[in-house]
Structures are given as structure tokens and as C-alpha cells.
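What follows is a single structure, written as C-alpha cells, with notes after it.
The values are calculated or read from the model by the stated rules, or taken from the named source; none is laboratory data. What you are looking at is a predicted structure, and each value in this text was computed from that prediction instead of being measured. In this analysis, Cβ positions are derived from the backbone assuming ideal geometry, glycine residues included, and neighbour counts consider all displayed protein chains. Ligands, DNA and RNA are excluded from the accessible area calculation, which covers all protein heavy atoms including side chains. Shrake-Rupley method; radii C 1.70, N 1.55, O 1.52, S 1.80 Å.
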Amino acid sequence: MSGEPLSSAGSRTPWLSIVGIGEDGRAGLSQAATAALDAARVVYGGRRHLSLAGPLAAETRPWPSPIHEAYPEILAGRGEPTCILATGDPFHYGIGAEIARLVPPAEFRAFPQPSAFTLACARLGWPLAECGLVTLHGRALTRIVPHLQPAARLLVLSWDGATPAALAGLLRERGFGASTLTVLEAMGGPREQVRAARAEDFNLGAIDALNTVAVAVSGDGPALPLAPGLDDDLFENDGQLTKAEIRALTLAALRPHPGLHLWDIGAGAGSIGIEWMLRHPSLRTTAIEARPDRAERVRRNAGTLGVPDLSVVVGAAPDALAGLEIPDAVFIGGGVSEPGLLPAALGALRSGGRCVANAVTLQGEAALLAAFAAQGGTLRRFAVDRASPVGGLHGWRPAMPVTQWAWTKP
């Protein structure tokens, strides 16, 4: 992001106003918001926002693309009465949060209006607190996949007029064709329209680019469980896969918390990094995989399972670790016995960060024993047997035992 944060020790007088505006334009603004808008010498906003707020005596500056290119200009005018226009609630998937990273709260005033989610609930009679909230504005469609839970109610911010039909197609493909999609267009203004159709025969056309989709999930498609340890067959793999039972134990050992960044070293099919991101929407993963074909497989699995933002680095560790963003957690699922890999990973780890490494070979186990002797932490071994057919009967088939070392960096 361009621009440097301003010090909270600076000016304490609000000079910046962030005004949420709806499709009813000035008519929907409070007296205070109108006064802030009219007192501004410069007004920033999208062309639609500027039109809705007119007439304006101030100098108007439409957002550039990308929008952050305007931030240094806004900061350069510090102290001059300035207004930023946003849709609805600027702090709900809006520009408000980005501006608040640059300008101390004491220097701006915000005048929010109902968000698109609030308006949608008001139209449908849905309790907002019980709805899943998703934005597909500039984001991959598959981000909705983890939210496809039985009888869920979802509110989805669209990217454009084509989003509802694309969303209906995804629901059909995943076995949720019985879901009802309600498309709410240009809410709060003269062009408002509310229409509904089932995903399996979705036929709504000429949808306004400014729309929100409410999804009442229904169907017999597979829903991703909320617990770690997804079924192995959900991951495309060539056998290089941390199996479900060990995966669940590994996620527990990694101790995910909101906002953390994981390195998944020797990612294979990407199962650990994917499940890490499924635990909370703020979690991030960088998967490091030496083989290009496996790296592509990680990307496909991440998209299919609803975490398309997972980052993939093609290269062999430890060399491939150079220059990557510092991790809060590290998982090593393959190559732990490679010379220099474990020291490089531990050295990069942030203080207080967590490292978990699994090994199935004697060489890998020796590396973990050495790390345990030198660094401490915990050392465990897991053995899993699965029932398998033996003729017309069943018997236990043991998997290779896994040695796991877990350590928190001082």
C-alpha cells in the first residue's frame, strides 16, 4: 500500500470525513454527513458516488485504478477539509479500514449508512447475526465453498452483473442446485429490484452490476466439515499426502490463531496448508513445493476446497525459502533430513512462532531426534491402522508410523 501512516501524536483535529452514501444519494444522508460533505474542499469517490452526491461545490477527484495510488495525494492534503465517499458502511468490506491504517481515528469522522448485508436482511427478514457473509468483489468464486453448509443462509457481495449466474453454476456443480438465490439489485434507490431463482434453473437476466446475492443453501452436495482432518479423497494427490488422521493431529500441534502465516514446506498435495486456511478466513499459507506438477496440484486443490488465495512457491527448500515473508508457523512434511532445511526454517520463524515437522523415514526421524535434543519441544510418534478387505473379511492394515516434533521458538 502506498503512503506512510500518520503519527497519532500529530494533529488531533478531524480534517477527513468518510461518508457512506446509498442509491438514494443526498436524500439518504444525515444532516451531519451532508454538512461534512458540503464543507469539504476536495471530494474523492467513484464516479457513481460523486454523481449520487451531487451537486458538489468542492473539487471532485474520481478514484484512480488502482485506488491506492490516490492515498499519497490524500495524505499530502492533511489538514485541508477532505471527504471520501463510499458505498453504505465504509468499514464493512469498504475503504474505511484502509484509510484507518493511514490516518489516526482522531483525525477523521465517519458517517456510515446501512451496508448491503444489512439492507438485504431487511428485505428478506433474515437475522444478520445468523448469516454467513462473503465478498466475491474482486475475489475468486470458490471462496464461497467453505460456507456451503446444510441450511446455511449466505449473503454475497457480487463483483458484477455476471456473478449471480456464475455462482448458480458453481452451486449446481457441487450438488447444491436446489439452493435459492435471491438477487437484490441497487438496493435503496429507484432502480431497486429483488428477484429469486433456484440454482438448478437459474434464468435471471440483465442483472444490475450493483447487486448482492442471498443464498439459501439446499441440496445433497458434500459440505466441508468444520473439524480438521478432511477425507483423503477430497484432495487430488499422487500418494504424497498427509493422511486425514495425522493431518488432524498436525493441525492441532500447529495451534492456528487468527491472522497467522504458515509455511507449508514440501507441500505435496497441499493438504496441511489448505486445512490451515480453512480454520479461519484470516489465516494465510505459502506452500513450498519442488516439483512443478505437484505445485500445480496444490493450486487446484486450494481452489477446489475454497482457499484460492493460498500462495505457491515452486522450488526446493531451503533455497526456495530465501526472500519469503516471515512465517508465524512452519510445517515440514517432506525433506526434513535435507541438509540445512530445518535450521533455515527455524531461523526464519518469528519469535513465538510454532514449528511442526513430521517424518516417516529413519533419516527424517534422526533429524527430528537431533532437533529435540538441541531445542527441546515435544516428540511424539503416531501409528494408525485402517480396516481393509482381506478376502471376504476385513483386517487391520497399518500405515507407516509418523514421528512428529513440535517446538515454539523463544
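Hey, can you tell me all the residues within segment 183-213 that are aliphatic (A, V, I, L, M) and touching a helix residue (DSSP H, G or I) at 6+ places or on another chain (Cβ under 7 Å)?
We begin by selecting, within segment 183-213, every residue aliphatic (A, V, I, L, M); these are 183-184, 186-187, 194, 196-197, 199, 204, 206-207, 209-210, 213.
The answer is V183, L184, M187, V194, A199, L204, I207, V213.
Of all residues being open to solvent by less than 70 Å² (accessible area, probe 1.4 Å) and outside any strand (DSSP E or B) in segment 382-401, which is modelled with the lowest pLDDT? Just the residue, please.
Pass one, segment 382-401, residues open to solvent by less than 70 Å² (accessible area, probe 1.4 Å): 382, 384, 387-388, 395, 399, 401.
Still in the list and also outside any strand (DSSP E or B): 384, 399, 401.
Details: V384: 95, A399: 91, P401: 95.
The residue in question is A399.
Only one of these is surrounded by 11 or more Cβ atoms within 10 Å (Cβ to Cβ), more than 30 Å from V145 (Cβ to Cβ) and touching a helix residue (DSSP H, G or I) at 6+ places or on another chain (Cβ under 8 Å): L369, L379, L310, L324. Name it.
Numbers: L369 fails: touching a helix residue (DSSP H, G or I) at 6+ places or on another chain (Cβ under 8 Å); L310 fails: more than 30 Å from V145 (Cβ to Cβ); L324 fails: more than 30 Å from V145 (Cβ to Cβ).
On inspection, the qualifying residue turns out to be L379.
Do we find that N211 is among the polar types (S, T, N, Q) and either without any contact (Cβ under 8 Å) to a residue 24 or more places away in the chain or surrounded by fewer than 18 Cβ atoms within 10 Å (Cβ to Cβ) (or both) in this structure?
Details: among the polar types (S, T, N, Q): yes; either without any contact (Cβ under 8 Å) to a residue 24 or more places away in the chain or surrounded by fewer than 18 Cβ atoms within 10 Å (Cβ to Cβ) (or both): no.
Spelling it out, it is not the case that N211 is among the polar types (S, T, N, Q) and either without any contact (Cβ under 8 Å) to a residue 24 or more places away in the chain or surrounded by fewer than 18 Cβ atoms within 10 Å (Cβ to Cβ) (or both).
Go through N301, N358 for me and flag whichever is within 13 Å of T285 (Cβ to Cβ) and either modelled with pLDDT of 95 or more or touching a Gly at 6+ places or on another chain (Cβ under 7 Å) (or both).
Working: N358 fails: within 13 Å of T285 (Cβ to Cβ).
Answer to the selection: N301.
Could you please give the count of residues in segment 45-70 that are among the acidic types (D, E) and closer than 15 Å to I99 by Cβ? Show your work before the answer.
Initially, segment 45-70 is screened for residues among the acidic types (D, E), giving 59, 69.
Now drop any that are not closer than 15 Å to I99 by Cβ, which leaves 69.
So the count comes out to 1.
With (1) crowded, with 21+ Cβ neighbours inside 10 Å; (2) within 25 Å of G303 (Cα to Cα) as the list, and E200 as the residue in question, which single condition is left unmet?
With respect to (1) crowded, with 21+ Cβ neighbours inside 10 Å; (2) within 25 Å of G303 (Cα to Cα), E200 is out only on (1).
Can you confirm whether segment 370-377 contains a residue that is part of a loop (DSSP other than H, G, I, E, B), modelled with pLDDT under 95 and assigned by the TED database to the domain that holds W263? Don't jump to the end; show me each part of the working.
Filtering segment 370-377 for residues part of a loop (DSSP other than H, G, I, E, B) gives 376-377.
Applying the additional criterion that residues be modelled with pLDDT under 95 yields none.
There is no residue in segment 370-377 that is part of a loop (DSSP other than H, G, I, E, B), modelled with pLDDT under 95 and assigned by the TED database to the domain that holds W263.
Find the residue count for segment 291-307, including only residues that are open to solvent by 50 Å² or more (accessible area, probe 1.4 Å) and touching a residue at least 60 places away in the same chain (Cβ under 8 Å). Spell out how you get there, then give the answer.
Quick first cut of segment 291-307, residues open to solvent by 50 Å² or more (accessible area, probe 1.4 Å) only: 291-293, 296, 299-300, 304.
After this cut, where a residue has to be touching a residue at least 60 places away in the same chain (Cβ under 8 Å) as well, the list is 300, 304.
Going through segment 291-307 one residue at a time, the tally reaches 2.
Take the residues in segment 113-125 that are surrounded by fewer than 18 Cβ atoms within 10 Å (Cβ to Cβ) and touching a residue at least 12 places away in the same chain (Cβ under 8 Å), then tell me which one is farthest from G25 (Cα to Cα).
Residues of segment 113-125 surrounded by fewer than 18 Cβ atoms within 10 Å (Cβ to Cβ): 118, 122-125.
Filter once more, keeping what is touching a residue at least 12 places away in the same chain (Cβ under 8 Å): 118, 123-124.
Working: T118: 18, R123: 19, L124: 23 Å.
If we take residues in segment 113-125 being surrounded by fewer than 18 Cβ atoms within 10 Å (Cβ to Cβ) and touching a residue at least 12 places away in the same chain (Cβ under 8 Å), then L124 is farthest from G25 (Cα to Cα).
Take segment 27-59 and flag every residue that is of a type outside the set (G, A, S), touching a helix residue (DSSP H, G or I) at 6+ places or on another chain (Cβ under 8 Å) and more than 16 Å from I95 (Cβ to Cβ). Even if it seems obvious, please write down each step before you answer.
Applying the first criterion (of a type outside the set (G, A, S)) to segment 27-59 yields 29, 31, 34, 37-38, 41-44, 47-50, 52, 55-56, 59.
With touching a helix residue (DSSP H, G or I) at 6+ places or on another chain (Cβ under 8 Å) added as a condition, the list becomes 29, 34, 37, 43-44, 52, 56.
Of everything in segment 27-59, those that are of a type outside the set (G, A, S), touching a helix residue (DSSP H, G or I) at 6+ places or on another chain (Cβ under 8 Å) and more than 16 Å from I95 (Cβ to Cβ) turn out to be L29, T34, L56.
Being closer than 27 Å to R297 by Cβ, outside the structural domain of P281 (by the TED database) and part of a helix (DSSP H, G or I): is that true of R247 here?
On the way: closer than 27 Å to R297 by Cβ: yes; outside the structural domain of P281 (by the TED database): no; part of a helix (DSSP H, G or I): yes.
No; evaluated as a whole, the condition is false for this residue.
Name the residues in segment 79-97 that are closer than 18 Å to G188 by Cβ and part of a strand (DSSP E or B), would you?
Selection gives L85, A86, T87.
Any residue at all in segment 63-78 that's outside any helix (DSSP H, G or I), closer than 20 Å to T34 by Cβ and either open to solvent by less than 60 Å² (accessible area, probe 1.4 Å) or at pLDDT below 95 (or both)?
Taking segment 63-78 and keeping what is outside any helix (DSSP H, G or I), we get 63-66, 77-78.
Going one step further and asking which of them are closer than 20 Å to T34 by Cβ, we end up with none.
Checked segment 63-78: no residue is outside any helix (DSSP H, G or I), closer than 20 Å to T34 by Cβ and either open to solvent by less than 60 Å² (accessible area, probe 1.4 Å) or at pLDDT below 95 (or both).
Taking the criterion of being within 29 Å of D309 (Cβ to Cβ), open to solvent by 30 Å² or more (accessible area, probe 1.4 Å), in a helix (DSSP H, G or I) and out of contact with any strand residue (DSSP E or B) (no Cβ under 6 Å at 6 or more places or on another chain), would at least one residue in segment 37-59 satisfy it?
Scanning segment 37-59, I find at least one residue that is within 29 Å of D309 (Cβ to Cβ), open to solvent by 30 Å² or more (accessible area, probe 1.4 Å), in a helix (DSSP H, G or I) and out of contact with any strand residue (DSSP E or B) (no Cβ under 6 Å at 6 or more places or on another chain), so the answer is yes.
Find all pairs meeting these conditions: Cβ atoms under 6 angstrom apart; at least six residues apart or on different chains; first residue within segment 25-51 and touching a residue at least 40 places away in the same chain (Cβ under 8 Å); second residue assigned to a helix (DSSP H, G or I).
Going by the 6 Å Cβ cut-off, the qualifying pairs are G25/L52.
Which residues, taken from segment 12-29, are in contact with a strand residue (DSSP E or B) (Cβ under 8 Å, 6 or more places away or on another chain), assigned to a loop (DSSP other than H, G, I, E, B) and closer than 18 Å to P81 by Cβ?
Taking segment 12-29 and keeping what is in contact with a strand residue (DSSP E or B) (Cβ under 8 Å, 6 or more places away or on another chain), we get 14-22, 28-29.
If we keep only those that are assigned to a loop (DSSP other than H, G, I, E, B) too, we end up with 14-15, 22, 29.
P14, W15, L29 - these are the residues of segment 12-29 that are in contact with a strand residue (DSSP E or B) (Cβ under 8 Å, 6 or more places away or on another chain), assigned to a loop (DSSP other than H, G, I, E, B) and closer than 18 Å to P81 by Cβ.
Determine which single condition R139 fails, assuming it passes every other condition in (1) surrounded by 15 or more Cβ atoms within 10 Å (Cβ to Cβ); (2) outside the structural domain of G45 (by the TED database).
Just one mismatch for R139, condition (1).
Which count do you get for residues in segment 160-179 that are crowded, with 16+ Cβ neighbours inside 10 Å, among the hydrophobic types (A, V, I, L, M, F, W, C) and assigned to a loop (DSSP other than H, G, I, E, B)?
Number satisfying all stated conditions: 2.
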